[in-house]
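The values are calculated or read from the model by the stated rules, or taken from the named source; none is laboratory data. Just so you know, these numbers come straight off a predicted model, no measurement behind them. Quick reminder, even Gly has a Cβ in these numbers, built from the backbone with ideal geometry, and neighbours come from all protein chains shown.
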């Protein structure tokens, strides 16, 4: 709304900086990183592998408490001290070491939330290794747990790096230890290295479970065995592994060496391969399928469409020459939101509509769900697609004001934001009402074959009366 | 891997491990007297890696653990090594 027209409308420049920082911190650390993995992972991963619970239930609860503590700290950081942080969610040094705003509390919130992530990752790895049902070999395991397994390794190995980085930042602010500030003998690019060594793999923490959800939904609604099961399973692991090594593509214009730049660009193009494998396999799974057009399937289709736009524009940013032109412009904002919102956000909604009858034992209104999907898709596209165009025209990101030539794009985006908001109101109304008064759902309304559809809705305590014995793969549709 | 496996390492082995760790700690300090230029950090990291490997192998009993666990640890080492190498593609060629 602030950017719908040039000049100051609702916010001051300082408030605008605070708002986009807080938006980033809350959405990244509190919503999209734990969103799919923690919510649907905790609910469904144990059931899908035939376990009664995760390996360490108390550790899981502890992880939840830590998350709540971190969340409260993040919210408090907005109101205490000298104003909400204004550094952007990336906390780039040296500005973050000097800003008078409340950086330390926000950084500590991210630090605390990291512990929650690590514990969940550890729990999931152990659970998948140790508690799979008898007969469920690695390649008989459903693909959502596979994606969570790859995600868990990233959570476990990458999160400590951002933890120590944020502590180094606090140490520099409080004790003037020169890690990042050149005036103190530090190197600001070191902060970017350390920050992105975590934060790029964190993007895969967000998107890998989303891919896992889509891989569950498509065979269920196409009534087809997943095409290239092993390729999808292993591509999750490949994305996790290679995704760990591409962080430098956030730093092409930061002053990194030329050698490092071309190496990171090369690796970035490599990571596109396993992502593309998944997309091709999803489409191949649908080929000659008996597709039933239900709300989760619509959300999944919107995911694939958005994810492809997000992925292909990522190659423009991953390429050294083109990145120089669009770096730090609205193009990056559009690309990022196409992956995170168009990808993870739509997958979250798909998962919510897919597993809703299993969670609540009730069914929502399909017609309203379909309309909410269309409204959100239209709102999302109208909001973010113009950002690609104004970005290519040269509109920098995170700017409070802009030149008149960028107004059309911004105005269209503002309209999209309203449509998107209406879409979310529809989802909220439909699901909240249905959770209370919706029609009682069958235990397997979509005709799925994975284990969660073979038990009662909602699942009983400890999921299974008797642990099932697995004799065939998870998607053997006849 | 069965739960009732116990491995008792004799004091002599622990003694040797301790001696090697102390020697490598002294070596870490000693090499700071020399200007190894680009290899300064690499040398420190190689020594530290050897120390960590010894601790994991003997003190943390990785030697007696299953192949899967040993492979997991090896993969993590490899990953961290790659992260260092990539970071130094920047620092060494800047």
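When you look at residue B:85, is it out of contact with any helix residue (DSSP H, G or I) (no Cβ under 9 Å at 6 or more places or on another chain) and either within 11 Å of chain A (Cβ to nearest Cβ) or assigned to a loop (DSSP other than H, G, I, E, B) (or both), yes or no? Answer is yes for this residue. The condition of being surrounded by 13 or more Cβ atoms within 10 Å (Cβ to Cβ) and either away from chain A (no Cβ under 11 Å) or assigned to a helix (DSSP H, G or I) (or both) holds for only one of B:94, B:70, that being B:70. When restricted to residues that are away from chain B (no Cβ under 14 Å) and assigned to a helix (DSSP H, G or I), region A:183-212 contains 12. Could you list all residues from region A:439-454 that are within 12 Å of residue A:47 (Cα to Cα) and buried (at least 18 other Cβ atoms within 10 Å of the Cβ)? A:450, A:451, A:452, A:453 - these are the residues of region A:439-454 that are within 12 Å of residue A:47 (Cα to Cα) and buried (at least 18 other Cβ atoms within 10 Å of the Cβ). Output the residue which, of all residues in region A:1-49 that are in a loop (DSSP other than H, G, I, E, B) and under 25 Å from the mean Cα position of the chain (by Cα), is farthest from residue A:346 (Cα to Cα). Filtering region A:1-49 for residues that are in a loop (DSSP other than H, G, I, E, B) and under 25 Å from the mean Cα position of the chain (by Cα), the one farthest from residue A:346 (Cα to Cα) comes out as A:49.
Candidates in region B:73-82 are the residues that are out of contact with any helix residue (DSSP H, G or I) (no Cβ under 7 Å at 6 or more places or on another chain) and facing another protein chain (nearest Cβ under 10 Å); of these, the one that is surrounded by the fewest Cβ atoms within 10 Å (Cβ to Cβ) is B:78.
When A:424, A:428 are checked against the criterion of being under 14 Å from residue A:353 (Cβ atoms) and exposed (fewer than 14 other Cβ atoms within 10 Å of the Cβ), A:428 stands alone in meeting it. Selection of region A:262-298 for residues being within 14 Å of chain B (Cβ to nearest Cβ) and in contact with a helix residue (DSSP H, G or I) (Cβ under 6 Å, 6 or more places away or on another chain) yields A:263, A:264, A:265, A:268, A:270, A:271.
Looking at the structure I just gave you, is residue A:291 outside any helix (DSSP H, G or I), touching a residue at least 12 places away in the same chain (Cβ under 8 Å) and surrounded by fewer than 24 Cβ atoms within 10 Å (Cβ to Cβ)? Yes; evaluated as a whole, the condition is true for this residue. Being within 22 Å of residue A:211 (Cα to Cα), at pLDDT 95 or above and crowded, with 24+ Cβ neighbours inside 10 Å, is that true of even one residue in region A:360-367? No, region A:360-367 contains no residue that is within 22 Å of residue A:211 (Cα to Cα), at pLDDT 95 or above and crowded, with 24+ Cβ neighbours inside 10 Å.
Residue A:228 falls short of the stated requirement of being more than 19 Å from residue B:89 (Cα to Cα), more than 13 Å from every other protein chain (Cβ to nearest Cβ) and buried (at least 23 other Cβ atoms within 10 Å of the Cβ). Against the condition farther than 23 Å from residue A:336 by Cα and either within 14 Å of chain B (Cβ to nearest Cβ) or out of contact with any strand residue (DSSP E or B) (no Cβ under 8 Å at 6 or more places or on another chain) (or both), how does residue A:243 come out, does it pass? So residue A:243 fails the test.
Of all residues in region A:162-182, those satisfying the criterion of being surrounded by 21 or more Cβ atoms within 10 Å (Cβ to Cβ) and either within 14 Å of another protein chain (Cβ to nearest Cβ) or touching a strand residue (DSSP E or B) at 6+ places or on another chain (Cβ under 7 Å) (or both) are A:162, A:165. Based on what the data block shows, is residue B:8 closer than 30 Å to residue A:130 by Cβ, away from chain A (no Cβ under 14 Å) and not in a helix (DSSP H, G or I)? For residue B:8, the condition - closer than 30 Å to residue A:130 by Cβ, away from chain A (no Cβ under 14 Å) and not in a helix (DSSP H, G or I) - is met. Being over 28 Å from residue A:198 (Cβ atoms), within 14 Å of chain A (Cβ to nearest Cβ) and exposed (fewer than 14 other Cβ atoms within 10 Å of the Cβ) is a property that does not hold for residue B:22. Residue-level check: of (1) within 30 Å of residue A:253 (Cβ to Cβ); (2) exposed (fewer than 12 other Cβ atoms within 10 Å of the Cβ); (3) away from every other protein chain (no Cβ under 14 Å), residue B:38 misses just (3).
Here residue B:48 meets each of (1) more than 14 Å from chain A (Cβ to nearest Cβ); (2) loosely packed, with under 12 Cβ neighbours inside 10 Å; (3) part of a helix (DSSP H, G or I) with one exception, condition (2). Every condition in (1) touching a helix residue (DSSP H, G or I) at 6+ places or on another chain (Cβ under 8 Å); (2) within 14 Å of chain B (Cβ to nearest Cβ) is met by residue A:258 except one, and the failing one is (1). On the basis of being within 30 Å of residue B:74 (Cα to Cα), out of contact with any strand residue (DSSP E or B) (no Cβ under 9 Å at 6 or more places or on another chain) and within 14 Å of another protein chain (Cβ to nearest Cβ), does residue A:236 make the cut? Criteria not met by residue A:236.
Residue selection: residue B:62 satisfies the criterion of being more than 12 Å from the chain's Cα centre (by Cα) and either farther than 24 Å from residue A:238 by Cα or within 14 Å of another protein chain (Cβ to nearest Cβ) (or both).
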